[in-house]
Amino acid sequence: MSSERKKFEEKYGGLISLFRRLAQDKRFSPIDRMARALDPDMVRIALYDAMRIAVSEEWPLPPQREVEEFLEEIERNPGVAQKLAVIAITAAPVAVQGAGAQAGGPAQATQPATEGGSQQAVSGATQQVPGG
């Protein structure tokens, strides 16, 4: 991991955790909006939606100061939102074509990619791939 990315993840760890949780739960709408945000207003709306889900699900919220710093930074550079979204989406569950899928069976679900990029199959779990 680059030192720049490490600093980013330390600075916005709470927000990244929130968006990763959304990815793990396949709630991609706030992540997608964050990734496509063209201006700070769009980022704020995506962030609000993500935090609203967290409140309704009783998930931990990022620290208020972290959120305030993020909002200040997106005023200067909305591209920070896309960076956060890309990091978060790596936590999404993925499916790979295994022997079962080739034989007409379901794809085997895997855990999210680790920092090294490897994935591990989840025994006994299956998952449908949206649009696939």
Open item on the list: Just to confirm a number: summing +1 for Lys and Arg and -1 for Asp and Glu over residues other than residue 28 whose beta-carbon lies under 13 angstrom from that of residue 28, what do you get?
Closed with: +3
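Counting other beta carbons within 10 Å of each residue's own, what order do 65, 36, 27 fall into, fewest first?
65, 36, 27
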- [ ] Provide the packing ranking of 83-92, 52-61, 6-15, i.e. peptides ordered by the mean count of other C-beta atoms within 10 Å per residue, highest first.
- [x] 83-92, 6-15, 52-61
Task: Model label zone, residue 86; criterion: amide N under 20 Å from point 7 Å along Cα-to-beta-carbon; scope the range 28-45 - done: 28-40, 42-44
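If the chain between residue 71 and residue 59 were fully stretched, how many nm would it gain, using 0.36 nm times the residue separation less the Cα-Cα distance? Each step should come with its number before you reach the end.
Details: separation 12, 0.36 × 12 = 4.32 nm, distance 2.06 nm.
Between residue 71 and residue 59, full extension yields 2.3 nm more.
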Open item on the list: Multiplying the sequence separation of residue 32 and residue 4 by 0.36 nm and subtracting their Cα-Cα distance, what value in nm do you get?
Closed with: 7.8 nm
Task: Ordering of 16-23, 28-35 by burial proxy (mean other Cβ atoms within 10 Å per residue, highest first) - done: 16-23, 28-35
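Read-outs throughout are calculated quantities, based only on the coordinates presented, and are distinct from any laboratory measurement. This structure is a prediction, so every number in the text was calculated from the model and none was measured. Heads up, the Cβs are rebuilt from the backbone with ideal geometry, glycines too, and the neighbour counts pull from every protein chain shown.
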